[in-house]
Every structure is written in structure tokens, then in C-alpha cells.
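Remarks on the structure that follows.
The values are calculated or read from the model by the stated rules, or taken from the named source; none is laboratory data. Quick caveat, the model's predicted, so the values are computed rather than measured. Please note: Cβ atoms are built from the backbone with ideal geometry, for glycine as well, and neighbour counts cover all protein chains shown. Note: accessible area is taken over every heavy atom of the protein model, side chains too, but ligands, DNA and RNA are not part of it. Shrake-Rupley method; radii C 1.70, N 1.55, O 1.52, S 1.80 Å.
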Amino acid sequence: MRLVIIGNGAAAFAALIRANELGVKPIMIGYGTIGGTCVNVGCVPSKRMLRIGELYKKVRDLTGQDIYPDFFKAFEDKEEIVSTLRKEKYEDVLNSYDVEYIEGKAYFISPREVKVGNRVIEGDKFIIATGSSPYIPFKLRSYWTNVEALSPDRKISSLGIIGGRALALEFAQMYKRLGIEVVMFERSKRILPNWEPEISLAVQRYLSEDEGIFIVTGAEIKEIVETQSGSKIIRTNKGEAEVDEVLFATGRKPNVDLNLEAANVKLNEKGGILVNDELQTTNPNIYAAGDVIGDLMLESLAGKEGSIAAENAILNAHKKIDRMSIPQVVFIEPNVARVGLTYSEAIEKGYKVDYRVVKMRNVAKARILREDEGLIKMNVDKESKKILGVQMFGKYAAEVINEAALAIRLRATIDDIIDTVHVFPTMAESLKIAALAFYRDVEKMSCCVD
């Protein structure tokens, strides 16, 4: 079989590795910096910058002094990690597998052929894993996306962020903790609008009151004016703000500039590649994986999809992903994490839903750490007691949510969680306490009562 993988990020590399495991040497066509978004201008550098900000905030809290990291040295620090991981996890990995790697941009010229430069490449099966790019809703001479914000060419004193979801929140906290004034504009009534209201409102209060980030919700951007001095004036229905720079955190668009019509591949309503549950496109010999689908844009999901796409393409294995158990995290500190259905989503699907909301102050480890900000909400099916969804705002929520994801993947009940002995004291106990809250008042429990 001649398998052609288009892309060089997480989904593409997962497909390459799985293909080799199945005895297939693929052709990989890569365009742009190897490793894609996550390692270069996404997950890896942003989380390092957030970590630097977290450490300095702890110092300020402990000493009472206004100590901030050196602006440019902080970004230099993350660059070392980025370059190291790109080499170890992508460049070195590529060299360790059996693959023909071609640099260049691919365009389909028929259902079974792509052109790269002057070369025409035929394939029996294709996997499209070309990722996504920032969506920019305004035309400006200059602006920032995640790319520029992670490698700024100058120090700024104020930043205006358009958006109120994961990327916006992470960059807002990142820059605020670097000592930069931040104002965020979100068009919905609350930030994280598709999350549980208890969670999004708690996060909004924390970022506003504890972090000092100015958040404007229900904001309709009228115009953004660039001044002669280089600053930007953001005019909205709720007033205006002048800032040194504007960061667009308004979502991402799938990279579908591949002449897909020639391949009989159609797009979905989100502008991504239309696939079925097995990641097969409208051309049965072409699969797609990762951000290019236009669904949840997550590094972990892209990797899983790349592997499954390869297996389905090579073996016709008919594998699918349990989308209900896909966890998501906003890596502000404390973390915000979710998996499964929200209360309203579960109701829409016909479930009879019960839920509990438990504050992190009821988790002993949170008190020990003096990090008891936040809460956890658990939704369950009233009849079966199966866990339908969990959302958290709290210390180490990004780690804890994996247990919740496994519980939903296995269709576990609250009794399964309760009957599992959890280490004391840990933040993972928050799941067990949330499950216990369906039976008793957790405010009136000793630390280790089962």
C-alpha cells in the first residue's frame, strides 16, 4: 500500500508511527516548521510561559514585593525548551522511522494524486493532517496572534485581547503575570461561554478580582483604530480602550487550501474537512485527522485521530473515538478542565440529569496547599448513576480530569468512584467528594470518611 500523509504536526506523526507499526512505509509531505502548532507556537511555549508567571506570582505572594520576570529573558527561556522538544520529538523521531519525507505544499490534482512543486505523487490512501491557523476577523496593518505573542519583538505595557475562551484566558494571565496591563473583550455574556455557568463565572471572578485582568463581556467590537504612535484603540458598544497591542484570540481556521475539489473531498459547516466517525472523508480513500477537521482542536485528540486514521486507512479497522470522554483544559493557574456533557447538553440528549457542585475548600489537599480556589461540578444520569460530565476549576485540575475521562470512557457510576480508594491527601479526591455529595453533605465530613 502506498500511504501519503500530508502534514508534519501531531496528527501526521501519530499516523506515521502507526503506519510503520503496521508494516507500511508512508510518504510524508511537510510544509512549514516541523512539529506543527503545538510544539512551536502552541502548547509547549505557552505552558512554559504560564509556569514562569506562576513561579514569580508565588514569590510576590510570599515576599509582598513587586518582583516580575525579565520580559525578554522569560521568552528566551521557553525558546530553549521549544527547540529541544522539536528536535527530540519530531526531527529525531522522523529520522528513526521508515518514511520518505518531502518538504513542500501539497495540492490535489486528482482523487489519487497530489502535486508538490514539480513532483506528482500517487497514493492508494491519503491522510490529511494539515492543522489550523489563527482566524483574524479584522483587517489591521499590524496585530498579534499566538505566534507573535509568544515571540514579541518589543516590550509592551498594555495588551488588548479579543476573545474569551481558552487561548484568550491563557495569554491574559500569561501577560498579566509578566507585569503587563491586560483588557479582554468577549462578545458572549460570560467568558468560556460553552462551559458550565458555575465554572465560567468562578473563573471570570478570579481573573478579574484576584489577577486584576479587566474583562468586558457582551462586547461588540465596532472598530480597531491604529494610531500614528503604533498603539491601538479598541472601540466597542461598552466603551473603548487604548492599548499598545491587540491579540486576536478569536479561534482558528482549518488549513484546507489543498484543492480538495479535485480529490472529491467536501468541507463541513465549520469549514473543516467533512469526515465520518471513522475519519473517512467523502473520498473513501482519503482520511483526515487533527485540527483540519475543524472540531475540537487539541494536541492529544490530533494524535489519537492520526493513529486511528492510519489504522483505518491501512487495515479498514473501522475504529472510532469516544468523543464523550475527550478531556479539555485551559491551562491558567488554577487550571480549568472538563470532560463529557454539560448539564444542558445532557438534557438535550434526553438524559434525566442530577448534579452536584462542590467547592475546593472541601478538599483537604487544597487547604494544605492553601490553594482552595475553585469548584468541581459533576453531572450524572439519575437512573443509572453513570457519570455524564465533570468540570473543574482548581489546583492541578489538568491532572485530575484524566481520571474523570477514564470514568466516562468506561461508563462508570458515582458508586464506582466512591468504591475506589483514593490517596489522601490529593486533589484527585475532589472527584470522590463530588460523587459522595450525591449521598451526603460533604461540608459535614471528616477528612477520610467513605
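Structure data summary
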item	result
Selected from Ile156, Ile326, Ile293 as most flexible by GNM, with the chain as the system and alpha-carbon contacts under 10 Å	Ile156
Label-point separation, Asn283 to Phe424 (7 Å along Cα→Cβ), nm	6.0
Cα→Cβ-extended label distance, 7 Å offset, between Val225 and Tyr135, nm	2.8
Debye, to nearest 20: dipole size of the chain, +1 on Lys, Arg Cβ, -1 on Asp, Glu Cβ	480
Principal axis box of segment 281-407, alpha-carbon based, largest edge first, Å	54, 34, 21
Area projected by the alpha carbon convex hull of segment 1-49, averaged over all directions, nm²	3.5
Radius of gyration and Dmax over the Cα atoms of segment 21-157, both given in Å	20.3, 65
Computed [θ] at 222 nm, helices only, for the chain once each DSSP H run of length n ≥ 4 contributes -39500 (n - 2.57)	-9000 deg cm²/dmol
10 Å-binned pair-distance histogram of segment 221-335 (Cα, whole percent)	12, 31, 22, 19, 13, 3, 0
Segment 83-145 - Debye-derived log10 I(q)/I(0), Cα point model, q = 0.27 Å⁻¹	-1.16
Net length gained if the chain between Glu79 and Ser446 were fully extended (0.36 nm per residue, minus Cα distance)	127.5 nm
Unsatisfied cross-links (Cα-Cα over 18 Å) in the set Lys365/Lys386; Lys395/Lys432; Lys304/Lys377	Lys365/Lys386; Lys304/Lys377
In range of the label at Arg409: residues from segment 301-318 whose backbone nitrogen is under 12 Å from the point 7 Å along Cα→Cβ	301, 304
Stokes-Einstein D in µm²/s, Kirkwood radius over Cα pairs - the chain at 4 °C with 1.567 mPa s viscosity	55
Among Gly272, Gly32, Gly294: highest mean-square fluctuation, GNM of the chain, C-alpha pairs under 10 Å	Gly32
Surface share of carbon and sulfur [accessible, 1.4 angstrom probe, percent] for segment 229-311	46
Kirkwood Rh (inverse of mean 1/r, distinct Cα pairs), segment 141-242, angstrom	14.1
Lysines whose Cα lies under 21 Å from that of Lys155, excluding same-chain neighbours fewer than 8 positions away	Lys47, Lys57, Lys73, Lys78, Lys176, Lys232
